[in-house]
Amino acid sequence: MTPRAALERGLRELALALPAGAPEKLLAYLELLAKWNRTYNLTAIRDPLQAVSHHLLDSLAVLHELSGHPGPLADVGSGGGLPGIPIALAEPERRVTLNDASHKKGAFLRQAVIELGLPNATVHVGRAQDWRPSERFAVVISRGFSGLAGFLASCGHLAAPSGVMAAMKGAIPRAELAEVPAECDCRDVRRLKVPLLNAERHLVLCRMAH
């Protein structure tokens, strides 16, 4: 199966209709990631087919669960741009800010935004704990951040009062959920079915008491 065929199959299984040109840009993004990866070590995944399932489809699988939370989104600890860049390509009407503390990763993210033509995406380089955006976010999402309690402590101030903190996880993180402070409600745990990926995936949606 080619990466394009894998992506098309995955989009059908997710029942996602992407904007015109978005599938091509998603594949172009993977090529850009692979190119920069030779120097910057952005991802451990080298196989193009695996990158479709583990990067693109894994990121896009959260979209249905976030449909009730329109508005600006922050991808914290974005690294190589996951899940923020696939989300920005799939939802051009949503403003997406990609955040990472690493200047090298920030350089890649800025280049990706330019090369992919993403007018709805911006990059903020710096530690999430120190970030004070002028406008808080409807969704603060992370795929590679620390445990849930650390994510909420470091990034909770980025969410708008009605916003949601979304942590992408593998198996249900029961030990992490047990450590969540009482003022955070993280009972909304959604199972994700990621096409072509034979592994457990969950999205933990948390609401902060502001």
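Structural remarks
- Residue list for region 79-116, filter: within 24 Å of His54 (Cα to Cα) and part of a loop (DSSP other than H, G, I, E, B): Gly79, Gly80, Gly81, Leu82, Pro83, Glu91, Pro92, Arg94, Arg95, Ala101, Ser102
- Residue in region 15-24 that is closer than 23 Å to Leu205 by Cα, surrounded by fewer than 24 Cβ atoms within 10 Å (Cβ to Cβ) and not polar (S, T, N, Q) present: yes
- Some residue of region 130-149 being in contact with a Ser or Thr (Cβ under 7 Å, 6 or more places away or on another chain), touching a residue at least 12 places away in the same chain (Cβ under 8 Å) and closer than 24 Å to Leu33 by Cβ: no
- Positions within region 53-73 being assigned to a helix (DSSP H, G or I) and among the polar types (S, T, N, Q), in sequence order: Ser53, Ser59
- For region 45-54, a residue qualifies if it is without any contact (Cβ under 8 Å) to a residue 40 or more places away in the chain and surrounded by 24 or more Cβ atoms within 10 Å (Cβ to Cβ), but none of them does.
- Every listed requirement among (1) modelled with pLDDT of 95 or more; (2) open to solvent by less than 80 Å² (accessible area, probe 1.4 Å) is met by Asn37 save one, (1).
- Wholly enclosed strands (runs of 3 or more DSSP E) of region 117-210 bearing at least 3 residues within 19 Å of Val62 (Cα to Cα): 137-142, 159-169, 184-192, 201-208
- Residue that is nearest to Arg94 (Cα to Cα) [pool: residues in region 138-151 that are in contact with a strand residue (DSSP E or B) (Cβ under 8 Å, 6 or more places away or on another chain), hydrophobic (A, V, I, L, M, F, W, C) and open to solvent by 10 Å² or more (accessible area, probe 1.4 Å)]: Ala138
- Flag if Met165 is at pLDDT below 95, buried (at least 19 other Cβ atoms within 10 Å of the Cβ) and out of contact with any His (no Cβ under 8 Å at 6 or more places or on another chain): no
- Selected residue (criterion: nearest to the chain's Cα centre (by Cα)) from residues of region 174-203 that are open to solvent by 10 Å² or more (accessible area, probe 1.4 Å) and among the β-branched types (Val, Ile, Thr): Val189
- Qualifying residue in region 60-70 (condition: touching a Pro at 6+ places or on another chain (Cβ under 7 Å) and either open to solvent by less than 10 Å² (accessible area, probe 1.4 Å) or over 29 Å from Ala160 (Cα atoms) (or both)): yes
- Ala171 small (Gly, Ala, Ser), surrounded by 14 or more Cβ atoms within 10 Å (Cβ to Cβ) and touching a residue at least 24 places away in the same chain (Cβ under 8 Å): no
The values are calculated or read from the model by the stated rules, or taken from the named source; none is laboratory data. Bear in mind that the values here come from a model prediction, so they are computed numbers and not experimental data. Methodologically, a virtual Cβ is constructed for each residue, glycine included, from the backbone with ideal geometry; neighbour enumeration extends over all protein chains shown. Ligands, DNA and RNA are excluded from the accessible area calculation, which covers all protein heavy atoms including side chains. Shrake-Rupley method; radii C 1.70, N 1.55, O 1.52, S 1.80 Å.
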